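J.: Sharing a structure with you now.
The values are calculated or read from the model by the stated rules, or taken from the named source; none is laboratory data. This structure is a prediction, so every number in the text was calculated from the model and none was measured. Because the Cβ atoms are built from the backbone with ideal geometry, glycine has one as well, and the counts that use them run over all protein chains shown. Please note that ligands, DNA and RNA were not included when accessible areas were found on the heavy atoms of the full protein model with its side chains. Shrake-Rupley method; radii C 1.70, N 1.55, O 1.52, S 1.80 Å.
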Amino acid sequence: MAMKFTEEEIAHLLEKYKYRSSQDNLERLPIREETGVLDKIKQGRYKELAKIHGLIDNAAYFGKATRSRQKLAEYYTVAWITGCTRAAIDGDMNPDDAYDLSDVLLGELENAETIDEIDKIFCITPYIFARAVANSRRSRGSYAVEQCRIYIARHIFKKISIDEVAGYVGLNPKYLSRIFAAEEHIPMHQYIQREKVETSCHLLRYSDRSISQITQYMGFSSQSNFGVVFRKWKGMTPLEYRNLYYRDNYSFHE
């Protein structure tokens, strides 16, 4: 049967929903409490959000309709992640970073199999966004240097040259290199190396990609070059790092 989207049909459905909600004792998070959480995200006050728990796994919160509680929890958590994302952007978190984090959380939500797992995602979301806002504020420099960091982060899996970064920012490469080193206390080429190594560490710890695959994936010219650069920053080879830190079957929820 075709769905009806007339104003009259929506009004009818709304009345039916209100009646069912009253019968099921449906409750919602008070708007003042929700607004308070979003304000803390905007201000980067993550320590005050570290103990949020039990907001979803509450029988009264989603009423008596057990069959639909998990689906309702999923819908509410999607809206919650969206709201927290917008609050973080309002708090001056880089939009690309905020949406990337949102995508990761939505991916975890899609994989959640129980209402308890949904609850964990719901509860950790404002804390993670608030902490990201705080970190963003602490690391904020001039607009040009911030744009450099954004470009490098978005192209971390490719070969990155200072000329390419300068072209993106719209400044002379020598001038940009000078102001970048002054603010970051590290030359740009070393900053790029360091960020690539940090990303490589994540792949070595949490993926089963071979070292040769990681070398190509991260845009290094050769496996030996990757090894030299990696040792420079970590004091060990990529293989030694993997043997020391590799975690099989890593899960967001463990």
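J.: Looking only at residues that are of a type in the set (A, V, I, L, M, F, W, C) and touching a residue at least 60 places away in the same chain (Cβ under 8 Å) in region 133-165, which one is nearest to ARG194 (Cα to Cα)?
T.: ILE156
J.: Shifting gears a bit: What is the residue count in region 145-180 for residues that are in a loop (DSSP other than H, G, I, E, B) and surrounded by fewer than 16 Cβ atoms within 10 Å (Cβ to Cβ)?
T.: 7
J.: Of everything in region 207-220, what is over 21 Å from SER161 (Cβ atoms), part of a helix (DSSP H, G or I) and open to solvent by less than 70 Å² (accessible area, probe 1.4 Å)? Give them in sequence order. Walk me through it before giving the result.
T.: Kept after step one, since they are over 21 Å from SER161 (Cβ atoms), are these residues of region 207-220: 207-213.
Then drop every residue that is not part of a helix (DSSP H, G or I), which leaves 211-213.
Selection gives ILE211, SER212.
J.: Also, I was wondering about something else. Collect the residues in region 116-125 that are more than 11 Å from the chain's Cα centre (by Cα) and crowded, with 20+ Cβ neighbours inside 10 Å, keeping them in residue-number order.
T.: Those that are more than 11 Å from the chain's Cα centre (by Cα) and crowded, with 20+ Cβ neighbours inside 10 Å: ILE118, ILE121, PHE122, CYS123.
J.: Which one of TYR245, TYR191 is in contact with a helix residue (DSSP H, G or I) (Cβ under 8 Å, 6 or more places away or on another chain) and under 25 Å from ASP163 (Cβ atoms)?
T.: Details: TYR245 fails: under 25 Å from ASP163 (Cβ atoms).
Exactly one of TYR245, TYR191 is in contact with a helix residue (DSSP H, G or I) (Cβ under 8 Å, 6 or more places away or on another chain) and under 25 Å from ASP163 (Cβ atoms), namely TYR191.
J.: Report, ordered by the first and then the second residue, all pairs with beta carbons closer than 6 Å, sequence separation of six or more or different chains, a first member in region 221-240 that is aliphatic (A, V, I, L, M), and a second member that is in a helix (DSSP H, G or I).
T.: Correct list of pairs: VAL229/GLN193.
J.: Taking region 126-144 only, how many residues are modelled with pLDDT under 90, open to solvent by 40 Å² or more (accessible area, probe 1.4 Å) and in a helix (DSSP H, G or I)?
T.: Qualifying residue count for the region: 5.
J.: Is at least one residue of region 221-243 open to solvent by 80 Å² or more (accessible area, probe 1.4 Å), part of a helix (DSSP H, G or I), of a type in the set (Ser, Thr, Tyr) and within 30 Å of ILE124 (Cβ to Cβ)? Quick ask: steps written out before the conclusion?
T.: Keep residues of region 221-243 that are open to solvent by 80 Å² or more (accessible area, probe 1.4 Å), which gives 221, 223-224, 228, 231-232, 239-240, 243.
If we keep only those that are part of a helix (DSSP H, G or I) as well, we get 223-224, 228, 231-232, 239-240, 243.
Those left that are additionally of a type in the set (Ser, Thr, Tyr): 224.
Those left that are additionally within 30 Å of ILE124 (Cβ to Cβ): none.
No, region 221-243 contains no residue that is open to solvent by 80 Å² or more (accessible area, probe 1.4 Å), part of a helix (DSSP H, G or I), of a type in the set (Ser, Thr, Tyr) and within 30 Å of ILE124 (Cβ to Cβ).
J.: Okay, moving on. One residue is enough: does region 107-117 have a residue meeting the conditions touching a residue at least 60 places away in the same chain (Cβ under 8 Å), part of a helix (DSSP H, G or I) and closer than 25 Å to GLY91 by Cβ?
T.: yes
J.: Follow-up question, since we're still on this one. So is GLU184 closer than 30 Å to LYS47 by Cβ, acidic (Asp, Glu) and open to solvent by 20 Å² or more (accessible area, probe 1.4 Å) or not?
T.: Values: closer than 30 Å to LYS47 by Cβ: yes; acidic (Asp, Glu): yes; open to solvent by 20 Å² or more (accessible area, probe 1.4 Å): yes.
So GLU184 fits the description; yes.
J.: Another question, if that's okay. Examine region 31-43 for a residue that is surrounded by fewer than 18 Cβ atoms within 10 Å (Cβ to Cβ), at pLDDT below 85, on the phi < 0 side of the Ramachandran plot and in a loop (DSSP other than H, G, I, E, B), and state whether such a residue exists.
T.: No: region 31-43 contains no residue that is surrounded by fewer than 18 Cβ atoms within 10 Å (Cβ to Cβ), at pLDDT below 85, on the phi < 0 side of the Ramachandran plot and in a loop (DSSP other than H, G, I, E, B).
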